[in-house]
Amino acid sequence: MTAWYEQSFGKDYLTVYKHRDLECAMSEVRKMIRWLDLPMGAEVLDLCCGMGRHSLALAEAGYRVTGMDLSDALLRQATMYDTEHSVTWVRGDMRDVPLKGPYDAVVNLFTSFGYFADDHENIRVLHEIDRLLEDGGRFIIDFLNAFYVERHLVPFTKREDGAHIIEESRSIEDGCVRKLIVIREEGKPERRYMEQVKLYRIGDFERMLTATSLKIDGIFGSPDGTPFQESASKRLILVGTKRAGEQHGG
């Protein structure tokens, strides 16, 4: 059976999420860069880079950037955006990254974590971040705030985008937030996609990270550095460091 993320991150993803533009990504990355505290030319891995918006912003900031994603369609779009060939693009699974590293920083942005129903599979991603980082290297995990999502979930939205009618139905089931996307286009069959993210809280991340060398240094509620508030923040952004001299198995 094909996993949801292998179906959903194709050409139609570009239609559903095209309102998320490069300029917005640039603005967010400029704000988050200070957390990395890295010199110009540092090696940064954008894990699950999607269309490459954040990778290109990091490259513009002066880092040497590798962007990795599983989706061929999104990587093709990233390559089209990268007119100056400033980023190295790689296809791979975040649970088994086809790269050796080490990197000075690994970033996982725009809720690109928690895709797997099994905790062990998500923990494998954390082990890969650990493996790929230099001792003392920095990481950012930009996730959703599960508490906020549960209390502000919008069950259904419908919008028109050119020739497309896009319907999104949202629910919380089995500890995950799920979104069913239906795309209708005149003269073409209806297309349906499911997206799913496991609802992890701070305590869950702290528990999962005990199996790695990664430690959390700061927790924020938005890219501008607003302190995290469980009842009010839309996002849960973890910033941390790989402790030197520790070895953990995957």
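Scaled to the globular estimate 2.2 N^0.38 Å, the Cα spread of segment 75-182, given as radius of gyration, is 1.34. Shown in residue order for segment 96-106 are the 3J(HN,Hα) couplings computed by the Karplus curve 6.51 cos²θ - 1.76 cosθ + 1.60 at θ = phi - 60°: 8, 5, x, 9, 9, x, x, 10, 6, 8, 10 Hz (x for Gly and Pro).
Between Rg and the Kirkwood Rh of the chain, both from Cα atoms, what is the Rg to Rh ratio?
Working: Rg = 17.8 Å, Rh = 18.7 Å.
Result for the chain is an Rg/Rh of 0.95.
Provide C49, C24, C176 in ascending order of the number of other Cβ atoms located within 10 Å of each residue's Cβ, fewest first. Working shown, then result.
Details: C49 29, C24 12, C176 17.
Exposure proxy ranking, most exposed first: C24, C176, C49.
Cross-link partners of K215 among lysines, defined as those whose alpha carbon lies under 17 angstrom from its own and excluding same-chain residues fewer than eight positions apart: K242.
Bridgeable lysines around K198 (alpha carbons under 16 Å apart, same-chain partners fewer than 8 residues away excluded): K179, K234. At q = 0.13, 0.20 Å⁻¹ the log10 of I(q)/I(0) for segment 1-149 amounts to -0.56, -1.39, computed by Debye summation with a single uniform scatterer per C-alpha, solvent ignored. Of D204, D130, the sequence from fewest to most neighbouring Cβ atoms within 10 angstrom is D204, D130.
Could you quote the convex hull projected area for segment 149-196, Cα atoms only and averaged over all directions, in nm²? Mind showing how you got there, number by number?
Working: hull surface 14.3 nm².
The Cα convex hull of segment 149-196, projected and averaged over all directions, gives 3.6 nm².
Stretched out straight at 0.36 nm per residue, the stretch from I219 to A3 would grow longer than its current Cα-Cα span by 74.7 nm.
Available extension along the chain between D204 and S27 is 60.8 nm, counting 0.36 nm per residue and deducting the alpha carbon span.
Per DSSP helix of 4 or more residues, -39500 (n - 2.57); summed, then divided by the residues of the chain. What does that give at 222 nm, rounded to the nearest 500?
Working: 8 runs with 73 residues, N = 250.
Calculated mean residue ellipticity at 222 nm is -8500 deg cm²/dmol.
Note on K100 and Q229: the model spin-label points, each 7 Å out from Cα along the C-beta direction, lie 4.9 nm apart.
Sorted by packing (mean other beta-carbon atoms within 10 Å per residue), highest first, where do 233-245, 57-69 land? Don't jump to the answer; show the numbers that get you there.
On the way: 233-245: 17.7, 57-69: 22.8.
The most tightly packed comes first, giving 57-69, 233-245.
Cβ crowding within 10 Å ranks V177, V182 as V182, V177, fewest other Cβ atoms first.
Laboratory data are not the source of any read-out in this text; all were calculated from the coordinates shown. Just so it is clear, the structure is predicted and the values come from calculations on it, not from any experiment. In this analysis, Cβ positions are derived from the backbone assuming ideal geometry, glycine residues included, and neighbour counts consider all displayed protein chains.
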